[in-house]
Amino acid sequence: MSNGDTQPLLACRNVFKYFGGLAAVNDFDLDVYSGDVIGIGGPNGAGKTTFLDVISGINPATSGEILLDGIPIANKKADVICHLGISRTFQLNAGFESMSIRENTLVGASFGRGDKGWFPRMIYSKEMHERVERALELCHLQDRAELIVRDLPVLDRKLLLMAGALATEPKLLLIDEPVGGLNPHEVDDVMEIVQGLIAEGVTIILIEHVMRFLLQLSERVVIMHHGEKIYEGDSKGLLSDRKVVEVYLGEGTADRLQHMMAERA
Amino acid sequence: MDFFVQIIVSGLTFGSMYALAAVGLALVWGAFNMLNMSHGIIMTLGAYFALLWAELLGWPLILAAPFSLVCGGLVGAIVYFLSAHWMIKQKNFEVTIIIATFGLGMAIESGLLKFLREMFRTAPYSQPLSLGAKSFLIFDVPVSYQRLVIWTAAFVLITIVGIFLRRTSVGRAIRATAQDRNAARLMGVPVRRVYVLVLAIASGLAAVSGIMLSSFKDVHPLMGGDPMLKAFIVIVLAGLGNITGALYAALLVGLVEASVKVLLADKYGFTAILILVILALIWKPSGIFGRATVARQ
Amino acid sequence: MKRRDYIIFAVLLGLAIAYPWINPPRYLLASVLLMFCYATVVSQWNLVFGLAGIFSLGQVAIFASGSYITAILGRYLEWSLWYTFPVAGVGGVFFSLLIGLACLRLRGIYVALLTLAVSQMMFILIQTDAMCSALNKKVNPATCVSFTGGAQGLGDFGSFGWRDVFGGRNWIIGDYYTMLVLLVIALIFTFIVTNSRIGLAFMALRDNEELARSRGISQFKYQLLVFAMSAFLTAVAGSFYAAHFGSVGTDLMGFALLLFLISMLVVGGIGRPWGPLLGAFLLMAADEVFKEASDWRNVGLGIVVLIFMVFLPEGLAGALDKLWNRGIQLVTGRLQSGGTRADGE
Ligand SMILES: Nc1ncnc2c1ncn2[C@@H]1O[C@H](COP(=O)(O)OP(=O)(O)OP(=O)(O)O)[C@@H](O)[C@H]1O
Ligand SMILES: [Mg+2]
């Protein structure tokens, strides 16, 4: 879906993020076009989460340029970036522990699109509630909407984060390890949900260690290592890329994945 | 010149007392994130233990301070078993322990007031360990021997604590716990015992600090309140949990307080250091002697 | 908020309205009206501490600032106290905004330390204020009173004025109902805020700040908002307090009052909608009991606080809520999921 003529939705140029002397993100470039699904992989500590933190304003870049629809966002605060249309999930099972699933989603729905004025509105609009319902439906959470987050199992917490992010109706959705710690069955459930989102036309950047998940969903894969991009391209090329196999996948996994891809094809 | 010497002498004295009280607070925060609001009453009790020993029991004066130190340590352990021991697993431990020890301190303080009103009818008492006003001259400024004793005692005690933390295995266990509680537990450090011990050490030092304080004023049940606040100011300035920083900060607070008292007026001393800590919290919450990475959470 | 809560509210309100008509002893009436005042403060504190999760100890200083604004305007400008109330409220809001700004980058325990330092500072500044003020010369030339009254406090600034309406003996009934109105307004206000969109933002920031920010909530804006919103009625309660007693003093900023009020919050249940009321009632009752043995008052209060923190950190409202839900579970045999949540649903 990416094509060179139009402006990218998200453009990252020479992005650096230092923690002291450590370059967690090192001279990173990435273009994301509307409708893209981009998978990011790489070993532990490669800087994937940090990259999402940088884009979403949780932890601003040390230097570099990030444009959303041509607007520079590298120095904007997280809440402003959310209002501009980037929404994310967290790798750790974050959530508003004391609230129900519905209220969690309502936070995204009612603040994610903007929150004007020094004295914000006190009551929810109809659209806010509609956004909640839609997000819950997309994440298959309607029947559990009144449960309190603190009591939820891992799968529901992952879905809850996605629902909250979706409720902001983002232009770009950042998903950090949506299936980490889930069993194969649950992985399939999440996969189905993400496929649903893709069908809706949501633009996604996806981080995942479960390669089966990453390769099947993303149309372009980026592999990070020590903060740098060591590969960008389609999944076929990935499995035969010498460096990726060396630092990340290992021969065995690469073979296994190649078989899996061949079977699917 | 007179002013200058006066400020140094008085600042060093305040600083030594605050350092003794603050090092313990910092140690306890470092070990298990407890801010002990009953620290002040333990300082008061320290002064009373010495009084009790010397006046009521009439035992040799020279041992009054060690006695007070040991009793202070015991009180610290009691405080631990009355509060932190049961609460350490609470989600908001850092907050709830403040309120709990606040309540405990208030109860002890009021109990002490009541008890003393019945026991000694003729307050105020002067500290038996006080050497009075006997003094020598530095640049024409009289310096009492009492101050000399305070400086020495503070220096010796803090050095002992420092050596203990660095050189003994128990000290290493304490430092390991302060760095990473879970890792320490996994390596077999009995963390609970470390908590009690740390609180006992802190309280012992506080008790001695209480004796020093009361050697300038009289012994009074409410005397620990202000110095405790100042000790808190010291550890906040240093960055919570930063023990070496607390020593510098204690001297700083002592000197600032002394300067303001000498150059402006007595009553602005506390105000000045309050302003200092408010500004420090606003501009550099990790402490002016802290590393930039000390967590604010 | 369930129907149960509306019923409780209506019953309590009825009882409070009826109470003066059963001719209670005067000192009890005075205690109850003081309880209303404290409950108002604690309910607003609960917004900051319970709902927004900011451990500010500045609430008592804001309460005191309300008292002092009323006292000073009433004494030196000879305003009717009724005009001073809104001014005190707004003054309290500004004061609180300043505290909120100072705390912006701080979290957890550090907020408590800073707010404690601020209130201690206020205490000392007033306590050591000993300069005879020129303003006072105009009002009362014979005496030397400092602007804030210093350690002696300020008096002679008027009252609600119910003496003229109800006559010499029943003025306290006027004070009683005034305080009750304030408390009812405070409770309704807290209820509305808690259940509003703004309340959701406060809770979101409390539960997980990072997530809240990446869902579009500005920490800056909502932290200032909660400091401002919780300050108005707190400061007005302070000025009502001044109007009732006819004098103000530095004990308003002392540790004893701070401990007393925080005990109400803790014993009642931090973050629980009924917590402040329950806590204020219990501690005033305990106070009434301990009053007999006046020396033991603070010992008793201190131990009560300690016991609650150790055994019931969720407060009585939290414990009752759990019991209630367990009861319902037993009756209906069905799992109630909403049992342990920390806000007023
Ligand atoms: N706040 C921080 N302060 C200091 N260093 C950090 C911080 N956050 C991350 N790092 C470091 O930056 C590097 C990149 O971490 P990051 O979490 O982005 O990796 P990741 O690719 O998401 O790894 P994983 O697959 O384990 O989630 C790591 O070396 C990590 O230790
Ligand atoms: Mg990660």
Q. How much FRET efficiency would the formula 1/(1 + (r/R0)^6) give for A:Glu133 and B:Gln179, where r is the Cβ-Cβ distance and R0 is 56 Å, rounded to 0.05?
A. 0.70
Q: Take the alpha carbon atoms of the range C:197-345, find their radius of gyration, then divide it by 2.2 N^0.38 Å using N residues; give the quotient.
A: 1.27
Q) On alpha-carbon atoms, Rg over Rh for the range A:1-144 using Kirkwood Rh? A) 1.00
**Q.** Projected-area average for chain A over all orientations - Cα convex hull basis, square nanometres
**A.** 15.1
Q. What ³J(HN,Hα) values, in whole Hz, does the Karplus curve 6.51 cos²θ - 1.76 cosθ + 1.60 give for the range B:169-180 when θ = phi - 60°, with x put for Gly and Pro?
A. 5, 4, x, 5, 4, 4, 5, 4, 4, 5, 6, 7
Q: List the residues whose amide H sits under 5 Å from the amide H of A:Thr62, counting only those 5 or more places along or on another chain, with H placed 1.01 Å from N in the peptide plane.
A: A:Phe16, A:Lys17, A:Tyr18
Q | Whole-percent carbon and sulfur share, accessible surface of the range A:134-220, 1.4 Å | A | 50
**Q.** Mean separation of Cα contacts under 8 Å, 6 or more apart, over the residue count of chain C: relative contact order %
**A.** 28
Q: Taking only protein heavy atoms into account and a 1.4 Å probe, give the accessible area per residue of the range A:9-113 in Å².
A: 32
Q) Mind checking how much accessible area A and C bury in total, 1.4 Å probe, in Å² rounded to 100? A) 3100
Q: Whole number in Å², please: accessible area per residue of the range C:254-336, 1.4 Å probe, ligands, DNA and RNA not counted.
A: 46
Q | Accessible area buried, both sides summed, chains B and C with 1.4 Å probe, Å² | A | 3700
Q) Where the Cα atoms of the range C:182-257 are projected onto their three principal axes, how long is each span, largest first, in whole Å? A) 49, 26, 18
Q: Measure off, as a whole percent, the carbon and sulfur share of the 1.4 Å-probe accessible area of chain B, all protein chains present.
A: 67
Q. In terms of modelled amide H atoms, which long-range or inter-chain residues lie less than 5 Å from the amide H of A:Asp36?
A. A:Ile204
Q: DSSP loop (so not H, G, I, E, B), at most 14 other Cβ within 10 Å: list which trypsin sites (Lys or Arg not before Pro) in the range A:74-173 pass both filters.
A: A:Lys116, A:Arg121
Q | Pair C:Tyr6, B:Ile138: separation of 7 Å Cα→Cβ label points (nm) | A | 7.5
Q | Per principal axis, descending, Cα span of the range B:144-297 in whole Å | A | 54, 37, 26
Q | Cut-off under 5 Å, modelled amide H: who pairs with A:Gly41 long-range | A | A:Val222, A:Ile223, A:Met224
**Q.** Alpha-carbon spread of the range A:95-250, three principal axes, descending order, Å
**A.** 57, 35, 28
Q: Could you calculate the FRET efficiency of C:Ala134 with A:Glu200 from 1/(1 + (r/R0)^6), where r is the beta carbon distance between them and R0 is 60 Å, rounded to 0.05?
A: 0.25
Q: Considering Cα pairs under 8 angstrom that are at least six residues apart, work out the relative contact order of the range C:254-336 and quote it in whole percent.
A: 30
Q | Sum of -39500 (n - 2.57) over DSSP H runs of 4+, divided by residues of the protein assembly as shown (222 nm, nearest 500) | A | -20000 deg cm²/dmol
Q. Rule-of-thumb check for the range B:2-283: C-alpha Rg over 2.2 N^0.38 Å?
A. 0.99
Q: Under 13 Å from a label point 7 Å along Cα→Cβ of B:Phe3: give me every residue in the range B:257-281 with its amide N that close.
A: B:259-265
Q) Mind checking which of B:Ser110, B:Ser169, B:Ser135 has the largest fluctuation in a GNM of chain B, springs on alpha carbons under 10 Å? A) B:Ser169
**Q.** Dimensionless Rg/Rh of the protein assembly as shown - Kirkwood Rh, Rg from C-alpha atoms
**A.** 1.01
Q. In peptide B:269-278, how many Cβ atoms from other protein chains are near each Cβ within 10 Å, on average?
A. 4
Q | Share of carbon and sulfur in the accessible heavy-atom surface of chain C [1.4 Å probe, %] | A | 69
Q. Which residues of the range C:199-216 end up with at least 50 Å² less accessible area in the presence of all protein chains than when their chain stands alone, using a 1.4 Å probe?
A. C:Leu200, C:Asp207, C:Glu210, C:Leu211, C:Arg213, C:Ser214, C:Arg215, C:Gly216
(Q) Considering all projection directions equally, how large on average is the shadow of the alpha-carbon convex hull of the range C:254-336, in square nanometres? (A) 6.2
**Q.** Alpha-carbon centroids, the range B:18-90 and the range C:198-229: separation in whole Å
**A.** 40
Q) In Å, what is the Rg of the alpha-carbon atoms in the range A:191-235, and how long is Dmax? A) 11.3, 34
Q. Once the range A:210-265 is represented by equal point scatterers at the alpha-carbon sites, with solvent omitted, what log10 I(q)/I(0) does the Debye formula produce at q = 0.16, 0.24 Å⁻¹?
A. -0.43, -0.98
Q: Send over a whole-number figure in Å² for the accessible area per residue of the range C:23-250, probe 1.4 Å.
A: 34
(Q) Take B:Thr168 and B:Val149, extend 7 Å from each Cα along the Cα→Cβ direction, and tell me the distance between the two endpoints in nm. (A) 2.6
Q.
Across chain C, what fraction of all alpha-carbon pairs, as a whole percent, falls in each successive 10 Å bin from zero upward?
A. 5, 24, 33, 25, 10, 2, 0, 0
Q. Taking K and R as +1 and D and E as -1, what net charge do the other residues with C-beta under 13 Å from the C-beta of C:Ser31 add up to?
A. -1
Q. Using the beta-carbon distance between A:Asp143 and A:Arg13 and R0 = 51 Å, what value does 1/(1 + (r/R0)^6) give for FRET efficiency, to the nearest 0.05?
A. 0.70
Q: Within the range A:42-142, report the chymotrypsin sites (Phe, Trp or Tyr not before Pro) that DSSP leaves as loop and that have at most 14 other Cβ atoms within 10 Å.
A: A:Trp118
Q) From the backbone phi of the range A:171-182, what are the Karplus-calculated ³J(HN,Hα) couplings (6.51 cos²θ - 1.76 cosθ + 1.60, θ = phi - 60°) in whole Hz, Gly and Pro given as x? A) 6, 9, 10, 9, 10, 9, 6, x, 10, x, x, 9
Q.
Let me check the size of the range C:31-189 from its C-alpha atoms; what are the radius of gyration and Dmax in Å?
A. 17.5, 53
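The values are calculated or read from the model by the stated rules, or taken from the named source; none is laboratory data. Worth saying up front: this structure is predicted, and the values here are computed from it rather than measured. We place every Cβ from the backbone using ideal geometry, glycine too, and count neighbours over all the protein chains shown. Note: areas computed on protein heavy atoms with side chains; ligands, DNA, RNA excluded. Shrake-Rupley method; radii C 1.70, N 1.55, O 1.52, S 1.80 Å.
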